[in-house]
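Asks: Provided herewith is a single structure, encoded as structure tokens, for subsequent inquiry.
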Amino acid sequence: MDVMTLIDGKKVSAEIKEQVADEVGKLKKQTGKVPGLAVVLVGEDPASAVYVKNKNKTCEKMGFQSFSHTLSADTEEKVLLKLIADLNANPEVNGILVQLPLPDHINEHKVLEAIDPKKDVDGFHPVNVGTLTSGGNALAPCTPAGIIEMLDFYKIDIEGQHAVILGRSNLVGKPMASLLLKRHATVTICHSRTRDLPTVARSADILVAAIGKPGFVTPDMVKEGAVVIDVGINRVDGKLVGDVDFEQVAEKAAFITPVPGGVGPMTIAMLMKNTLSAFKKTNNL
Ligand code: GUN
């Protein structure tokens, strides 16, 4: 078979972060201001705590102002909503990210709707979701936006291709479909109730796995020469593995993302890019 290309998310994300940091430096000289990102964490989930720490560290490295708010797991919803209202009103804050999942007693929809859409760097507010699905230019969710950047970096055709997305989450599956449609792909979303999922997956030119099941995608579900994007982050025996059986699927794919080092590093790069976009828009830059 033809040679397989490993999609290097670390390399692509490093380039994006460098471009963003350069622009932040220039805008600081021009305006005296830098973009600010507020990250809100409710509770002590260790994985979430690691993500949040990384986001703050990246902000500092890239010349952004960083605001970090850690609230205890039993925080009342109204306290969180008040914090969001304060961040909405703070002119130094251009982006607000509330780390998900939230504790069960807090209504996630209500919280996401409380964020000013102009500061919604996750692209989860219904206004931004609606703008994106109707083909407009909204802040787009970071993980699927990062996947588009990776496809472009490797000059992978999207237009007219059949993209099959495994998973229908609001964080990845649905916005991934919107972004791929915007780029003129033919899009199918599969989920737990899909009949004969392997047959559908096998018809994909671009297969995006975002279901959270380790090793779910096996070679029989992959067309020879397909592009395989693995969004899964599963911990198995202390090791990070994706939704794709990498070793075996790599034998059939033309392009494949590893886990770790594939989609993961792109998410934070896109978060910084979205925060810069929000800053520029607010300041008419
Ligand atoms: N939890 C897992 N991924 C994400 C993300 O992209 N944004 C937020 N806010 N929470 C997450």
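Asks: Amide H to amide H under 5 Å from Val42: which residues, 5+ apart in sequence or cross-chain, H placed 1.01 Å off N in plane?
Replies: Leu71, Gln99
Asks: Relative contact order for region 79-205 using alpha-carbon pairs under 8 Å, separation at least 6, rounded to a whole percent?
Replies: For region 79-205, the relative contact order is 18 percent.
Asks: For a quick check: with amide H placed at 1.01 Å from N, whose amide H comes under 5 Å from Gly36's, ignoring anything fewer than 5 positions away on the same chain?
Replies: When sequence neighbours closer than 5 places are left aside, the close amide H contacts are Gln65, Asn94, Gly95.
Asks: Order 94-105, 268-279 from most to least packed using the mean count of other Cβ atoms within 10 Å.
Replies: Ranked from most to least packed, the peptides come out as 268-279, 94-105.
Asks: Using modelled amide H (1.01 Å from N, peptide plane; none on Pro or chain starts), what sits under 5 Å from the amide H of Ile189, excluding residues fewer than 5 places away?
Replies: Counting only residues 5 or more places away or on other chains, the set is Ile165.
Asks: Assuming 0.36 nm per residue, please report the length gained on full extension of the stretch Asn54 to Glu159 beyond their Cα-Cα distance.
Replies: Once the chain is fully extended between Asn54 and Glu159, it gains 34.4 nm.
Asks: Cα axis of helix 77-89 to longest principal axis of the chain: angle in degrees, 0 to 90, nearest 10?
Replies: 80
Asks: Would you mind calculating the relative contact order of region 1-150 from Cα pairs under 8 angstrom and at least 6 residues apart, reporting the percent as a whole number?
Replies: That works out to 21 percent.
Asks: Please state the relative contact order of the chain as a whole percent: Cα pairs under 8 Å, 6+ residues apart?
Replies: 22
Asks: Bin width 5 Å, alpha-carbon pairs only: give the P(r) of the chain as whole percents, running from 0 to the bin holding the largest distance.
Replies: The calculated distribution, bin by bin, is 1, 6, 12, 16, 18, 16, 13, 9, 5, 2, 1, 0.
Asks: Could you work out how much longer the chain between Ala14 and Glu251 gets when fully extended? Use 0.36 nm per residue separation minus the Cα distance between them, nm to one decimal.
Replies: Answer, rounded to one decimal: 82.6 nm.
Asks: Separate question: Please compute the net charge surrounding Ile189, taking Lys and Arg as +1 and Asp and Glu as -1 over other residues with Cβ under 10 Å from its Cβ.
Replies: +2
Asks: Round to a whole angstrom and tell me the spacing of the C-alpha centers of region 247-269 and region 144-186.
Replies: 15
Asks: With +1 on each Lys and Arg Cβ and -1 on each Asp and Glu Cβ, and nothing else charged, work out how big the dipole of region 176-285 is about its Cα centre, in Debye to the nearest 20.
Replies: Result for region 176-285 is approximately 680 debye, rounded to the nearest 20.
Asks: Then there's this: State whether region 74-140 is rounded, prolate or oblate according to the following rule on the C-alpha gyration tensor (a ≥ b ≥ c being the square roots of its eigenvalues): a/c under 1.5 gives rounded; otherwise a/b larger than b/c gives prolate, and the remaining case gives oblate.
Replies: oblate
Asks: Shape of region 150-278 from its Cα gyration tensor (a ≥ b ≥ c, root eigenvalues): rounded if a/c is under 1.5, otherwise prolate when a/b > b/c, or oblate?
Replies: Rounded.
Asks: Still on this model: When N is the residue count of region 109-217, what does its C-alpha Rg come to as a fraction of 2.2 N^0.38 Å?
Replies: Working it through for region 109-217, the quotient is 1.09.
Asks: Per the Kirkwood treatment, what hydrodynamic radius in Å, one decimal, follows for region 103-151 from the mean inverse distance over all distinct Cα pairs?
Replies: About 11.6 Å, per the Kirkwood formula over Cα pairs.
Asks: Let me ask something else. To the nearest 10 degrees, how steep is helix 173-182 against the longest Cα principal axis of the chain, on a 0 to 90 scale?
Replies: Around 80 degrees separate the two axes.
Asks: Among His184, Ala226, Val249, which residue has its Cα furthest toward the positive end of the charge dipole of region 159-260, with +1 on Lys/Arg Cβ and -1 on Asp/Glu Cβ?
Replies: Looking along the dipole axis, the top candidate is His184.
Asks: Which shape class applies to region 50-179: rounded if a/c is under 1.5, otherwise prolate when a/b exceeds b/c and oblate if not, where a ≥ b ≥ c are the square roots of the Cα gyration tensor eigenvalues?
Replies: The shape class here is prolate.
Asks: Please rank Ser13, Ser178, Ser72, Ser203, fewest neighbouring Cβ atoms within 10 Å first, as an exposure proxy.
Replies: Ser72, Ser203, Ser178, Ser13
Asks: If you fit an axis through the alpha-carbon atoms of helix 264-282 and take the longest principal axis of the Cα set of the chain, what angle between them do you get, 0 to 90°, nearest 10?
Replies: 40
Asks: Take every DSSP beta bridge with both residues inside the chain and express the antiparallel ones as a percent of the total, to the nearest 5.
Replies: Counting only bridges with both partners in the chain, antiparallel ones make up about 10 percent.
FYI, it's all coordinate maths here, none of it is from the lab. Note that the structure is a prediction, hence the values are computed from the model and not measured. No Cβ is skipped: glycine too gets one built from the backbone with ideal geometry, and neighbour counts run over all protein chains shown.
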